[in-house]
Each structure stands twice: as structure tokens, then as C-alpha cells.
Amino acid sequence: MTETNDPLKGYRGRARERLQALGVRVWSEVRILNEEGSSFEGVILPRSETSDDLHVVVKLATGYNVGLHIDRIREIQELGFKEAIYKIPEQEFPESPDLPKVTLLGTGGTIASRLDYRTGAVIPAFTPGELYGAVPELAELCNLTTRKIFGVFSENMGWEEYVTLARAVGDEIEAGVDGVVIGHGTDTMGHTAAVLSFMVQNSPVPIVLVGSQRSSDRPSSDAALNLIHAVRSAAYGDVAEVQICMFGPTSDQYGLLHRGTRCRKMHSSYRSTFRTVGDIPLCRVSATEFEPLTDEYLPRNSHRRVKIDPLYDDRVTILYYYPGMKPDIVDALVEQGYQGIIIAGTGLGHVNKPVFPALERAIEKGVHVVMTVQTLWGYAQMYVYDTGRDLLDIGIVPLDNMLPETALMKLGWVLGHTHDHDEVREMMRHSFSHEITEREPHNGYLILQGGLPETEEFVLSQWK
Amino acid sequence: MLGSLHFPLANLERRAVEGSIDYEQVGLRVGLEVHQQLLTEQKMFCRCPAGLYTEHHDGIVLRHMRPTLSELGEYDGTALMEFKTKKNIVYLLHKSNVCTYEMDDTPPFIVNRRAIDIAIEHCLMLGCDVVDEVHIARKQYLDGSIPTGFQRTAIVGVNGRLPFRGRQLTVIQVSVEEDSCREVRDRGHLAVWRTDRLGMPLIETVTGPELRTPEEVEEAILLIGRVGRSTGHVRVGMGASRQDVNVSVRGGQRVEIKGVPQASRARQLVHSEALRQVELLRLRDELHRRGFQRPSDIDMEHIDITTLVTDFRLDSLRRENWERFVEAEEMRPGMELAEGPFSVRAIRLPGLAGTVGRASQPGRTFAHELAGRVRVIATLDQPPILLHSDDWPEYPQAGEELKEIRQAASCTPDDALVVVWGVESDTVTAAEEIQLRYADATEGVPHETRQALPDGCTDFERILPGPDRMYPDTDSPPRLVSRARVDRLRVDLPEPPWGRQA
């Protein structure tokens, strides 16, 4: 929340002039008489800066807000002034020597928060005391420490933030915590999970990213349960990798732990938005149990020494191929100095012929071009068709079943280490954290088609 | 709130027993919140069809509600109460009438413009001043009736007047809001809701507390209904119109009787509630006389008596009887029962002998007030919900068994005794709620929302929430209402019912 001393916060133009002339300000308790003779008693609220300059917003005694047109206001009488001061209630987080130590790193997503009723802004709860006030169950799970790394929306995360975050994770692990939880907005959580999978290697303990799809100021929010699942996984889980912990089904039932390199946000608003792609999730976690779904992971081991490797080159991009793509777009990227291009190609990893010469020019200039598939599921298998073979001949590196976003984060990280074509190729094709898997299990691709009798029968027998 | 009665108690006592009271003497004041569904093709915040009901489902969702912190850094009383119930809330979905908006997996779309237009028409009929900008608010409900945990609602007009019996009835506000789910069942820790009705637009007309008799209440409901129907833009038929009736007597408190389906039902409900408030004020005076002046003067103790009553003849207290429905020989599903050991709990109410069995509504006693809280908040809903010493059931050895329990609970003859049973943690909640209800009784009438029973009485539904449960809907931008739009809608208004009568 940004603090401001503007007594007419958010009001512009005519509304501002009129309110100034009438001698009232935001938080004034007023009685407003309009031209119809109606009287409105309430508190003048700040105005959203994106709204017009013709209305005054008043919170009535019933708690409802209404907007009144500035030209229809006959008079305003100030009855008092009542600035709202908000504070999250803090209760001391109880310390229990026998419980594991967990650190929650904050990046800006709000896992627990409270709405500022008057402005509609969300005040995040973040200190252990505030979190304890909101989600008291946490005290039964661990001794919690919190550290605010930054406060940004997840779309504003970038390479500098990734480095800071990776170092912070390293510091916490060196300090001996039993698990790290990272609170993160969900939009780019997959990207952060992928890049941390490369920057934080050899972790002795779980590193769990968590967020919420329904903001935590609402009673039906998934935030508290996600946080409980994530803290449990960090404190007691066995997977010492970077993972995402979010709802399995949309029902309040269990969470899933997804591997950081194989996970994607698949719905703009569903609670169960994160899905492991091309594989199965690591584990199912509920408020009381863990149910491991695989044993192929790096297990917790307190003797292991973490390695933080936060190098990067941010001159990388994704080119999402579409039919009719013109070569000039590739030339433009090269001209602008991009050093790495991830192609999300069609089918098994293809682009159209006219783009070939541009790709060839790019590679000749030392740009690293790699191929992933926009189908998300399945492998880039470029030897199957002539198109693919031609692309391989040009020097495009196929990345098998690496997800496009994971490939982007990885290429940025790799280019922080080397620009040598062969070394880049080798690092990109080496699987550090299951970003490429040799085998795709048949249940790694399950998108049930709604409407079919067998699907409907299954859906009806399960919580959605 | 401590108010004193301005009428002779002795007179009142006789009348209360007879079931009739002088409404003017007790200062009856009633206001209405009349809800009418709007005749729109689509729902209010999504494009699902409105008015398409189904009795089967093809998907289910499980949710739980958590209270969010209030403005003053505390939990809203209602929200906290509803959180105590630890309800498993199940929603039944059918593709024909819900999308991912109703299940709270998609944010709202822009509010239905037609719904706002109809609300404006209704405002104009009632002489309301239409607001210039409609701001959508969220009104919190944690009982599960809405999957988000709040109802989206907005004021469209204020300060209307309704000609009524030669005077002007104040219309405080007209709002437009989304309808809630239909309850399928609510037993123990499990509430099941059908979502077909959820999200249909409705208007709420709120009147001032200016009605003075049950007859006036019925007449005013019918009149407001006619105003809505005169535009031809509201729905008619079963469930299309429902009202909340706010009742108080002098020295009492506003109590909301929720979801009264027909105007004719309102008369008896208002009467029973007036009587109830008068009786609760008398109970308050009695408690004061006994030295219970403030809520903090009420102190109770409770103990587990499971072992003691194992071989008692009173079979309501048996575990196996609690685990099945009384009405059907069917076991309760696990989600209805909390986890934990079965417990029978005796609660000693020091100095309160004779108060549990005092009259409240016609044919009911204060025990019904206690049972309401226990049923809703502790979710112990197996009839008879609780037993108490002022009215112990009659059966062979009843006297001996009651005596043994009283002894175990260290009751003196001045003490009342209440027994509850169920999962241990729920029985503890029940004991706490009984103490809280008595604490409220020292202040008179608690601020409650009550549900209408078929016999014209009411039962506890929840603590009446305050303005703190309202907050802006950050998902919906304010909608402009231009004067040109209002004037355009004014042109086609029908003649109001009172115009025709004149």
C-alpha cells in the first residue's frame, strides 16, 4: 500500500475542484443533499484513479457505497472526520522447540490478507504474528519465520528478482531451516519455480512456492488451505526440490506438489489451475497426510550442501510460431540483440519454410535457437518430417519435452554461464531437474473430454 | 442494550399467556425487506439462463468458509459464529444452469444491464432518487448459501415513499442483488446446496420500521409486491418473492425473520416475535432480580457424564441413536459427524433453576432459544437437541436418573441443568453457546436473524450481522447511471397500484 497525504485521494478534475470548494475531503463524515432533495449520510471514500472525475463515492451507514454526480450535489455539510487506520491484528506466534523451522519468503502475493473495507485495497498479513491471527493452524505445524524479499505483482518478477530470491533461499538453507515456503502471485509462479530449479541446486530441504487463486480477503479463498499444505510440505515433506503447492481439485480437499520445471498454470481463474504437464505430480498433500505419487525425486537430506548458481543473461525470448509467420520477426529479434530464441513450434517442432533463412542468419550470428512444442504435451521429434530435419541441419536445438516457459528460464540461466554453441547445446539438453524426461507415462497426458458418458460418470463420482 | 419497560408487567403477563398483546402498548415496530426476482433472460453476473431449475446434478464441489478479518481487526461476530460450525459445504451443479462463475472459479462478468434497468423502474415507481453510480458491494455470508462467501449487491435508489393507509411509508433503499443457493439439507456438519437459483437477479425493497400491527405488515408486503409486478418485469410464482421482516418492541432489538414466503404467513410470525421479545425482556428482568446484571455475571460449568448415563433408560443419550437419523433408520454419512469420541455433557447453570422452562413464543420455552444456538452453532441437531431439568421427560425412573446427573454435576436446588450429546468437541461448543445465550439474555433481546417455522414461530438462524460485513467488490467496476437513461425508463412506467385505486 502506498501512503499518501492527498486529502482528496483519487479525485481529479471537476470532482476535485467541487469538493475543494465545498471544504470537504476524503474521510469526511458528511450529509450530502442532492438536487432531488435526497440526503445521504456517510463517509467520503477515496476515488479509484481509473474512475471518472464526475462522481463522489460515499459509504453509507449500512455499509453500502454509492456514487453521486458532482453536478447534482446541492450542498455538503461536514459532520466530522473519521480517517480509517488499519492494522492487521497480531498475536504472538507460539514457539515450540520440537517443531520444524520453516521460513516464509514473501515476494508480493497475498496469502493472508484483509481488505481495507473503505478503499477496497488489500492489506497483506505477513509477519508470523499476523499470519497466526489469520491462519492459527500454522502454529501446530512449525516455528515460522517470515522475510519480505519484495512486494511486486507476479507479472513484475524478473531476472534481478530471481537472483535475489535464489540467494535468499540459499541463506535460509545455510541457516538451517527445515523447509522454505515462497509466497508468490500465481500468474508467473511457474516461471519462478522453473528458474529456481536451476539457480538453487542440491537442496537438502523442500522449497515450496504457494499462492492463491481467490484472494484471501474472501471467505471462500483457497489461500489458507494452500498455505497450510505448503507449510506442511516444507516442514515434513520428503521432496527436497523446488515445487509448487496448489489445489488439486477446485474443492477444498487436497493440494498437489508439482515439480518446478514441469508445471504450468492452465486456467485463468480456477483454484485447481496448476497441472503437471507430461508427467504426474510428486505428491498429494492434505491437512493431515502425504500421499507420494512417485519415488523419483531428490529426498530430504540435511547433510547435503546447497549450491546457489544465480547467473543469467536476460536477452532471451519465446517465439510462438503461427502459420504465415514472416522471417522479418526473427531478423528483428537478432537486430535487437537477443541471444537466445525459444521457438514454440507446431506439432513435433516445426516452423514454415520462409522463416528458415532468417533462423540460419540468426544462428550464424551466434544466437542460440532451441525448439519446444506449443502442444505443451509431447516431444519435439524433429527427425520425423523433412521440415524438422532441415531445422536440425540449420542448427536448431530440440528440447524434447521441455515446456516452453521452462526452456526460456533455462536458456537465460545457461547463457549466464556460457555463449559457446556446443556448451549451450549440451547444458540445454542435459536434464538438471526433470525438465526433460526420457519417458512419458501414459497417465502424464490426461485431459478428460467433458460431455462423454464415461467422463460424466467419473466427474459425478468425484469432487470437482 | 439495557432499556426499561414502560408498561406494567403484571398486565402484560396475563395477556402473554393468552397469546394476545396490545401492539401499541409494547411499541411494535416492523420494517420490511421485500425480495423479488427479476424477469431477465440471464443471471446477474454471468450469462447463465435465469429461472431454469433442476432437481438433479452432474457435478459436486466441496468448500469450507473462513471468516475474514473485519475493519477493526476483529472477526465479524456472525462470521465467527458460522466458522465455529465447521461445516462441510457441498454444492450440487448442473451444466444447464450454472457455469464456473457460480462455483466461484471465474470472476464476475459485467453486471446485467437489464437487471439494473428493471431496478431503476422499480425505484421510479416508489419515488426513489436513483443513484448516479452503482457500486457493487460484497455482503458476507458464511453459511454456505453463496459459494463465494458473499452476496454481490448494490444500491440503486434511496428515499422513496409508498402511500399506505393514508400515510407515507418510507422506502429507505432499493438494491439489486444476486440470489442465493437453494438449501437441499443442513444436518450436523454437512450442508448441501443446489446452485440453480444462485446468481439470479433480484431487487430488495427496504422500508422504514413504520408498520405497527401484523395486519399492516401483511398489507404492506402485498402492496410492494404489486408495485413490482405492475412493471411486468419481476417473476411471479413459488419462491419468486420472499421477504425478511424486521421486528422489534420497545426496549427490544431488531430481529430479522428471514425468508417469509407468503404475506399471509407474516401476521402470525410478527405476533410470535413480538410476544417472544416481550417474554425475553421479562426474563432479563428476572435475571437482574436474581443478580445476573451483566453478561459476565453468567458462569457455567460442564462435565462429561458419558459413563454415568451408559445404562440409563433415556435412550436419546445413546451413541447408536445419535449416529442415525431419528426420522429414518439410516446412518448419518461421515461428513455430517465430526471426528472425535461420543460424549454426553451435563451443564450446570448456577442460580438459574426455573428459567430454562419459561415461556417465550406461543407453545415454546427459553429452552428453545438454547436449542436453536446448539443446533446451528454446535451442529447438534438430533431431536430433542437438549434436555433440561425444568422439563425433564417422563418415563419410569426419570426422577432417579435426573437426580444422579444433578449430583454428578454438583447441582444445588437453585441450579438448572442442561444435557447435550454428540461428538465431544461439539458438546463443548454447545456448553459455550448455552452460556453465551444466557449472557445475551441479561441484556434482553439478542440481535438475531431467525427462520420462519411452519407453525408461525421462529427459530435461531444466525447472529444478525452489522455493516462491517459489507465491503466493495474489487472484481466489479462501478456502473454509471445517466439521467438520460433514468428519463428514458420513466417514460414507459405503468400507473402505480395506488393510482388505480384512487
Residue set A:LEU411, A:LEU446, A:LEU452; condition within 24 Å of the chain's Cα centre (by Cα), without any contact (Cβ under 8 Å) to a residue 12 or more places away in the chain and not assigned by TED's automatic domain parsing to the domain that holds A:PRO206; output residue A:LEU446
From (1) out of contact with any His (no Cβ under 9 Å at 6 or more places or on another chain); (2) assigned to a loop (DSSP other than H, G, I, E, B); (3) surrounded by fewer than 15 Cβ atoms within 10 Å (Cβ to Cβ), pick out the condition that doesn't hold for A:TYR379. (3)
Scanning segment B:128-152 for residues that are acidic (Asp, Glu) and within 7 Å of chain A (Cβ to nearest Cβ), which turns out nearest to B:VAL111 (Cα to Cα)? B:GLU133
Residues A:SER268, A:SER216, A:SER221: which one is more than 28 Å from A:VAL306 (Cα to Cα), surrounded by fewer than 24 Cβ atoms within 10 Å (Cβ to Cβ) and not charged (D, E, K, R)? A:SER268
Output the residue which, of all residues in segment B:153-167 that are touching a Phe, Trp or Tyr at 6+ places or on another chain (Cβ under 8 Å) and surrounded by fewer than 23 Cβ atoms within 10 Å (Cβ to Cβ), is nearest to the other protein chains (Cβ to nearest Cβ). B:THR153
Segment B:236-270, residues that are touching a Leu at 6+ places or on another chain (Cβ under 9 Å), not polar (S, T, N, Q) and not in a loop (DSSP other than H, G, I, E, B): B:ARG242, B:ASP244, B:VAL245, B:VAL247, B:VAL255, B:GLU256, B:ILE257, B:VAL260, B:ALA263, B:ALA266, B:LEU269, B:VAL270
Can you pull out every residue in segment A:408-453 that is assigned to a helix (DSSP H, G or I) and surrounded by fewer than 18 Cβ atoms within 10 Å (Cβ to Cβ)? A:HIS421, A:ASP422, A:GLU423, A:ARG425, A:GLU426, A:ARG429, A:HIS442, A:ASN443, A:GLY444, A:PRO453
Filter segment B:448-470 down to residues that are touching an Asp or Glu at 6+ places or on another chain (Cβ under 8 Å) and assigned to a strand (DSSP E or B), then give me how many there are. 9
Only one residue in A:GLY190, A:GLY170 is away from chain B (no Cβ under 14 Å), under 21 Å from A:HIS267 (Cβ atoms) and assigned to a helix (DSSP H, G or I), so which one is that? A:GLY190
Hey, among A:SER51, A:SER38, which residue is over 18 Å from B:TYR471 (Cβ atoms) and hydroxyl-bearing (Ser, Thr, Tyr)? A:SER38
Among the residues of segment A:260-289 satisfying the criterion of being β-branched (Val, Ile, Thr), touching a residue at least 12 places away in the same chain (Cβ under 8 Å) and part of a loop (DSSP other than H, G, I, E, B), which is nearest to B:VAL61 (Cα to Cα)? A:THR273
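Conditions (1) at the interface with another protein chain (Cβ under 10 Å from one of its Cβ atoms); (2) surrounded by 14 or more Cβ atoms within 10 Å (Cβ to Cβ), marked per residue:
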residue: A:GLU36; (1), (2): yes, yes
residue: A:SER39; (1), (2): yes, yes
residue: A:GLY42; (1), (2): no, yes
residue: A:ASP52; (1), (2): yes, yes
residue: A:VAL56; (1), (2): yes, yes
residue: A:LEU68; (1), (2): yes, yes
residue: A:ILE76; (1), (2): no, yes
residue: A:SER96; (1), (2): no, no
residue: A:LEU99; (1), (2): no, yes
Looking at A:SER28 and the list (1) touching a Gly at 6+ places or on another chain (Cβ under 7 Å); (2) more than 12 Å from chain B (Cβ to nearest Cβ), which single condition is not satisfied? (1)
Taking segment B:335-356 and keeping only residues that are of a type in the set (Gly, Ala, Ser) and touching a His at 6+ places or on another chain (Cβ under 7 Å), one is left with B:ALA338, B:ALA346
When segment A:290-323 is checked residue by residue, the ones that are assigned to a loop (DSSP other than H, G, I, E, B), touching a residue at least 24 places away in the same chain (Cβ under 8 Å) and polar (S, T, N, Q) are A:ASN301, A:SER302
Residue pairs meeting the criteria (Cβ under 7 Å; at least 6 apart or on separate chains; first within 15 Å of B:PRO333 (Cα to Cα) and within 14 Å of another protein chain (Cβ to nearest Cβ), in segment B:168-190; second buried (at least 18 other Cβ atoms within 10 Å of the Cβ) and of a type in the set (Gly, Ala, Ser)): B:HIS189/B:ALA338
I'd like to check something: does segment B:414-432 contain any residue that is among the aliphatic types (A, V, I, L, M), assigned by TED's automatic domain parsing to the domain that holds B:PRO350 and part of a loop (DSSP other than H, G, I, E, B)? no
Go through (1) away from chain A (no Cβ under 14 Å); (2) on the phi < 0 side of the Ramachandran plot; (3) surrounded by fewer than 18 Cβ atoms within 10 Å (Cβ to Cβ) one by one and return the number of the condition B:ARG485 breaks. (1)
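The values are calculated or read from the model by the stated rules, or taken from the named source; none is laboratory data. From a predicted model like this one, the values you see are computed outputs, not experimental measurements. Note that we place each Cβ from the backbone using ideal geometry, even for glycine, and neighbour counts take in every protein chain shown.
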